[in-house]
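Worksheet: the structure to be examined is printed underneath.
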Amino acid sequence: MGALSIRNVRKSYHGNEILKGIDLEIDKGEFLILVGPSGCGKSTLLSMIAGLDSVTSGEIRIGDRVVNDLSPKDRDIAMVFQSYALYPNMTVRENISFGLQIRKVPAAEQARIVERVANTLQIGHLLDRKPSQLSGGQRQRVAMGRAISREPSLFLFDEPLSNLDAKLRVEMRTEIKLLHQRMGTSIVYVTHDQIEAMTLGDKIAVMKAGEVQQFGTPQEIYDNPANLFVAGFMGSPSMNFIPAKVEAVGSGYGVKLESGQRTHVFPVPGGDGKLKAWEGREVLFGIRPEQITHKSESRLGLPQFQTAEMPIRLTEPTGPDTMVLVPINGKDVVCRVHPAHAGQPGESMELMFDLSKSVFFDPASEQRIA
Amino acid sequence: MADMSVAHTAGASKLGRFIIYGLLALVCLYYLMPLFVMLSTSLKSLDEIRAGNLLSLPGEFRTDAWVKAWDSACTGVQCEGLKGFFWNSVSFVVPAVVISTMIGAFNGYALTMYRFRGSDLVFGMLMIGCFIPFQVVLLPMAQTLGALGIANSTLGLVFVHVVYGAAFTTLFFRNYYVTIPDELVKAAKIDGAGFLRIFFSIILPLSVPIIVVSVIWQFTQVWNDFLFGVVFSSGDRQPITVALNNLVNTSTGVKEYNVDMAAAIIAALPTLLVYIVAGKYFVRGLTAGAVKG
Amino acid sequence: MNATVLSSTTAPAARPARRCRWCDTLDAWLPKLVVAPTFVCSLVFVYGYILWTAVLSLTPSRLLPNYEFAGLAQYEALFDNERWWQALSNLAVFGGGFIVICLAVGLLLAVLLDQKIRAEGFIRSIYLYPMALSFIVTGTAWKWILNPEFGIEKLVHDWGFTNFTFDWLIDPEWSIYTVIVAAVWQSSGFVMALFLAGLRGIDDSIIKAAQVDGASMPTIYRRIIIPSLRPVFFSSFMILAHIAVKSFDLVMALTNGGPGFSSDLPATFMYSFAFTRNQIGLGAASAMMMLMIVVAVIVPFMYSEMRRSRHG
Ligand SMILES: Nc1ncnc2c1ncn2[C@@H]1O[C@H](COP(=O)(O)OP(=O)(O)OP(=O)(O)O)[C@@H](O)[C@H]1O
Ligand SMILES: [Mg+2]
């Protein structure tokens with residue numbers, strides 16, 4: 001039995017279709033990430049799962065119940081909001097126990113639960129403070145404490161970390177992951193941070209304009225993006241898209257790349273079948289920065305690796321790697337090289353392309369070709 | 001908007017500041033003058049008033065004008081001073097303020113936190129009610145109060161002030177509640193709380209400042225009202241503003257300016273006290289009403 | 001951290017809340033139920049009554065309502081009535097003077113108070129206290145101050161200027177101006193507060209940037225600060241216009257419309273015809289005209305302001 005299943009859910013506001021038929025399904029204990037650009041309908045979908053918003057059509061099941069017409073309190077869920085939404089007039093203790101109190105949990109039991117939650121999240125010393133006396137990170141913990149105190153069968157998180165500074169965000173990310181591992185409760189988590197999406201999710205649904213573009217595991221989505229949007233959205237720095245012509249090379253096909261004064265044709269391993277139809281036409285050749293590195297002798301000669309010398313336009317050191325910008329077919333292409341091997345702007349350097357994970361898109365439909 | 005005095009030579013800026021303070025002080029005198037004149041006149045005897053002028057100080061402080069204004073001045077046919085009318089005002093102002101504030105709080109909460117189809121329309125309709133000149137409802141209201149048998153009664157005045165005050169209080173509370181994040185209500189819904197529970201446990205405790213603003217605003221408005229008072233009440237049921245006007249315009253015998261002034265101060269005292277105690281909230285109410293007003 | 005905590009089996013917290021279909025339905029209706037009485041009241045006591053007044057204005061009602069149709073006879077009578085014209089022209093004089101002076105004084109005081117004044121709060125509260133007073137009290141006080149016998153005139157005489165006369169209060173030509181004086185005294189502090197709030201809302205960095213660009217303080221005020229107070233001008237204008245049209249108490253207390261009816265305003269006209277002279281139909285017609293004046297002043301203003309804000 002799935003923990004949550006969303007079937008052909010649509011939502012319109014005043015005739016405006018915001019969600020255009022969403023289908024998602026997760027198993028018990030899975031961590032589902034909803035990711036997408038601002039305004040794509042993530043929060044709307046989450047509100048509908050929570051019961052804060054009604055669905056226009058379609059069906060939402062939590063566990064084995066259709067919950068379309070249930071009010072939030074009967075859905076056995078808990079939610080953590082971006083602004084935390086702690087009740088400002090209540091202490092941390094009261095915040096955590098408010099939901100229990102409404103559910104008429106006996107006082108002694110309430111106290112025990114608050115205690116346990118406080119231990120788990122290490123907020124015991126904060127119990128008698130008001131939210132205004134807490135730091136951002138502490139508020140975040142309290143908000144999670146409020147959610148876990150009721151032990152729901154599904155947690156909903158709406159961008160819970162986006163109000164934290166970068167360092168705290170990474171810490172809390174880890175903590176949420178640990179918490180999930182320990183509790184094993186299913187989670188739906190909205191973010192527009194693709195690193196959060198990759199690190200936390202068991203499944204990711206990439207959304208755009210009210211539609212799920214791709215639904216799969218993080219690795220699937222990263223390695224096998226279904227279309228240009230997903231490929232460009234996931235990964236940082238984002239994938240390079242190079243307009244390039246498909247040409248026949250030997251028995252297979254390859255892409256023609258021009259950089260500096262030189263022209264290279266890189267054969268694409270395994271691309272024969274799908275690229276055949278595109279011979280002589282232009283495609284978008286997608287390759288991630290980490291698949292273009294400095295030349296490594298040990299890999300030379302393997303069929304999926306190609307080397308080429310290209311002029312450097314700019315370098316951007318990030319510490320562990322240096323991003324090198326080279327022009328290919330009129331586009332600036334980002335390559336991720338080891339700092340020790342990075343050249344200087346104006347020079348040129350030998351780069352090694354790993355074509356085994358390269359992808360190709362139809363420039364018109366933006367769908368994946370190969 | 002602060003540092004206006006950069007890059008001026010010290011001398012010029014000193015002179016400039018002197019002029020500014022001078023002007024401000026002068027204007028202060030202008031605003032305070034009527035109060036001073038009222039107070040000093042109310043403490044003078046009639047002879048002193050005739051002999052001196054507006055700004056001359058009373059030779060000795062006499063309170064007989066005050067006593068007379070409170071106890072025995074004529075407000076038309078009867079001569080029992082303002083005391084009865086003062087309590088009249090208290091008796092309808094208090095319920096009118098309490099009820100209209102409660103209604104405003106509930107309306108504001110429902111209209112902001114539970115948007116429903118047409119809630120903006122309802123709000124817009126209410127707001128237009130703040131704009132109309134009340135003259136346009138006086139005649140029908142007089143008919144209605146008569147028909148209901150509550151004309152010239154405390155109940156009638158409470159009713160009128162609540163009906164026409166609720167639009168303002170709703171405006172106050174709505175403008176305040178839009179600044180409270182929706183997520184608070186959503187979180188409480190998920191915690192299982194219903195409409196009333198959320199209101200009383202979460203929203204109301206956050207509303208103290210706006211309750212104070214609303215109470216003060218309504219108190220000032222209702223206490224100072226003259227139009228509804230003069231139209232919908234008569235005789236010994238009138239509010240103090242109407243009685244004051246009658247007292248001043250009663251033309252029997254010599255004009256007792258000192259009594260007039262004492263009576264005016266008595267009528268002004270409650271709102272003035274509120275202003276002194278809670279001026280900050282009063283100003284906030286004024287500007288809050290004005291933002292949308 | 002205690003790992004078993006959250007998978008304890010005894011958690012009563014997890015039990016679903018008591019199900020109650022009926023309560024949920026009620027809860028969904030509560031917001032509407034709560035707003036409904038006010039909505040109905042507004043519908044009846046504002047819109048219904050406006051309609052009712054409109055109906056009355058088309059009848060020959062005098063002491064009692066009388067629902068025969070009289071066409072526009074009351075409006076004709078109204079516009080044949082010299083006193084009504086006097087009231088309208090007084091409203092123009094009073095409204096114009098009151099609004100312009102209040103805006104000017106309010107802005108000036110706000111700018112002065114914005115110069116990092118010590119005791120600003122105290123001064124501000126002095127400027128504002130008249131707003132807490134009833135117009136009746138204000139009228140009573142100014143009636144005494146402007147009294148030609150013992151008031152300002154006498155004061156100036158005592159100062160040695162024995163030729164000075166100041167009798168606006170009893171001069172039909174000038175009586176309406178006394179209303180302006182008292183009304184400005186009462187309301188200008190409020191306009192000051194609005195402007196001051198507006199000034200405080202202006203982004204400091206804009207002014208700093210202008211100073212860096214070498215603009216002088218007067219230029220900054222003229223070119224940057226005052227133009228950006230446009231919304232405050234707008235809302236102040238609306239409020240003042242509104243006060244002006246509704247002005248009733250002040251005139252009643254200060255001049256009672258006199259001498260004669262030289263300081264009548266539409267509001268006092270309406271009151272005296274509808275409630276003391278038993279001409280309900282005529283009173284209703286004048287009330288409708290007041291409503292139209294408010295609409296005529298406020299709607300175009302609001303419309304142009306809304307268009308502006310939409311375009312930019
Ligand atoms: N109550 C509403 N009425 C009309 N439109 C709405 C309403 N709520 C949301 N929308 C619209 O629905 C779309 C999706 O909004 P939603 O809040 O779900 O976006 P989101 O993906 O969560 O974005 P973000 O990342 O910025 O939070 C937006 O275009 C928004 O304008
Ligand atoms: Mg969102």
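Which members of the stretch A:232-257 meet the condition of being closer than 17 Å to A:Asp332 by Cα and assigned to a helix (DSSP H, G or I)?
Once the filter is applied, which keeps residues that are closer than 17 Å to A:Asp332 by Cα and assigned to a helix (DSSP H, G or I), the stretch A:232-257 yields only A:Gly232.
So which residues in the stretch A:142-160 are surrounded by 23 or more Cβ atoms within 10 Å (Cβ to Cβ) and either part of a helix (DSSP H, G or I) or within 16 Å of ligand 1 (Cβ to nearest atom) (or both)?
Those that are surrounded by 23 or more Cβ atoms within 10 Å (Cβ to Cβ) and either part of a helix (DSSP H, G or I) or within 16 Å of ligand 1 (Cβ to nearest atom) (or both): A:Val142, A:Ala143, A:Met144, A:Gly145, A:Arg146, A:Ala147, A:Ile148, A:Leu156, A:Phe157, A:Asp158, A:Pro160.
Inspect all residues belonging to the stretch A:122-142 and state whether any of them is of a type in the set (A, V, I, L, M), within 13 Å of chain B (Cβ to nearest Cβ) and in contact (Cβ under 8 Å) with a residue 12 or more places away in the chain.
Yes, the stretch A:122-142 contains a residue that is of a type in the set (A, V, I, L, M), within 13 Å of chain B (Cβ to nearest Cβ) and in contact (Cβ under 8 Å) with a residue 12 or more places away in the chain.
Under 6 Å between Cβ atoms, which residue pairs at least 6 apart in sequence (or on different chains) link something in the stretch A:38-55 that is assigned by TED's automatic domain parsing to the domain that holds A:Phe155 with a partner that is near ligand 1 (Cβ under 8 Å from one of its atoms) and part of a helix (DSSP H, G or I)?
Within 6 Å, the pairs are A:Asp53/A:Ser47.
Are any residues in the stretch B:14-53 loosely packed, with under 14 Cβ neighbours inside 10 Å, of a type outside the set (A, V, I, L, M, F, W, C) and modelled with pLDDT under 85, and if so, which ones?
Across the stretch B:14-53, the qualifying residues are B:Lys14, B:Asp47, B:Arg50.
Would you list the helices (runs of 4 or more DSSP H) that sit entirely within the stretch C:43-125 and hold 2 or more residues that are within 30 Å of B:Tyr275 (Cβ to Cβ) and in the same structural domain as C:Phe248 (by TED's automatic domain parsing)?
Answer list for the stretch C:43-125: C:82-113.
What are the residues in the stretch A:2-35 that are in contact with a helix residue (DSSP H, G or I) (Cβ under 8 Å, 6 or more places away or on another chain) and either farther than 17 Å from A:Asp158 by Cα or within 16 Å of ligand 2 (Cβ to nearest atom) (or both), if any?
Selection gives A:Ile6, A:Val9, A:Lys11, A:Ile18, A:Leu19, A:Ile22, A:Ile33, A:Leu34, A:Val35.
Out of all the residues in the stretch A:297-307, is one or more more than 20 Å from A:Leu228 (Cα to Cα), in a strand (DSSP E or B) and of a type in the set (Ser, Thr, Tyr)?
Yes; the residues of the stretch A:297-307 include at least one that is more than 20 Å from A:Leu228 (Cα to Cα), in a strand (DSSP E or B) and of a type in the set (Ser, Thr, Tyr).
Looking only at the stretch C:241-295, count every residue that is of a type in the set (Ser, Thr, Tyr) and within 23 Å of C:Met131 (Cβ to Cβ) and tell me the total.
The qualifying residues number 4.
Conditions tested, residue by residue: (1) modelled with pLDDT of 80 or more; (2) at the interface with another protein chain (Cβ under 10 Å from one of its Cβ atoms).
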| site | (1), (2) |
| --- | --- |
| C:His157 | no, yes |
| C:Ile170 | no, no |
| C:Trp174 | yes, no |
| C:Gln186 | yes, yes |
| C:Arg200 | yes, yes |
| C:Ile206 | yes, yes |
| C:Ala210 | yes, no |
| C:Arg222 | yes, no |
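Could you tell me whether A:Phe229 is buried (at least 18 other Cβ atoms within 10 Å of the Cβ) and in a helix (DSSP H, G or I)?
Spelling it out, A:Phe229 is indeed buried (at least 18 other Cβ atoms within 10 Å of the Cβ) and in a helix (DSSP H, G or I).
If you scan the stretch A:161-174, which residues turn out to be among the polar types (S, T, N, Q) and not in a helix (DSSP H, G or I)?
A:Ser162, A:Asn163
Select, from B:Ala105, B:Ala96, B:Ala110, the only residue that is within 12 Å of B:Val162 (Cβ to Cβ), crowded, with 19+ Cβ neighbours inside 10 Å and modelled with pLDDT of 90 or more.
Testing whether each residue is within 12 Å of B:Val162 (Cβ to Cβ), crowded, with 19+ Cβ neighbours inside 10 Å and modelled with pLDDT of 90 or more leaves just B:Ala96.
Between B:Leu138, B:Leu121, B:Leu82, which is modelled with pLDDT under 90 and within 23 Å of the chain's Cα centre (by Cα)?
B:Leu82
Would a scan of the stretch A:36-53 turn up a residue that is more than 16 Å from ligand 2 (Cβ to nearest atom) and surrounded by 15 or more Cβ atoms within 10 Å (Cβ to Cβ)?
Within the stretch A:36-53, one or more residues are more than 16 Å from ligand 2 (Cβ to nearest atom) and surrounded by 15 or more Cβ atoms within 10 Å (Cβ to Cβ).
Just to be sure, is B:Thr154 hydroxyl-bearing (Ser, Thr, Tyr) and within 13 Å of chain C (Cβ to nearest Cβ)?
no
On the given criteria, is A:Asp53 within 11 Å of ligand 1 (Cβ to nearest atom) and within 14 Å of another protein chain (Cβ to nearest Cβ)?
When the stated conditions are applied, A:Asp53 passes them.
Could you tell me which numbered condition A:Asp69 fails, if it satisfies all but one of (1) more than 13 Å from chain B (Cβ to nearest Cβ); (2) in contact (Cβ under 8 Å) with a residue 12 or more places away in the chain; (3) more than 15 Å from ligand 1 (Cβ to nearest atom)?
(2)
Go through the stretch C:113-142 and give me each residue that's more than 7 Å from every other protein chain (Cβ to nearest Cβ) and under 16 Å from B:Val37 (Cα atoms).
C:Thr138, C:Gly139
Please determine, by comparing only the residues of the stretch A:189-210 that are away from ligand 2 (no atom under 16 Å from the Cβ) and not charged (D, E, K, R), which one is nearest to the other protein chains (Cβ to nearest Cβ).
Applying the filter and picking the extreme gives A:Leu200.
The values are calculated or read from the model by the stated rules, or taken from the named source; none is laboratory data. Please read all numbers here as calculations on a predicted model, not as lab measurements. Virtual Cβ from ideal backbone geometry, glycine too; neighbours counted across all protein chains shown.
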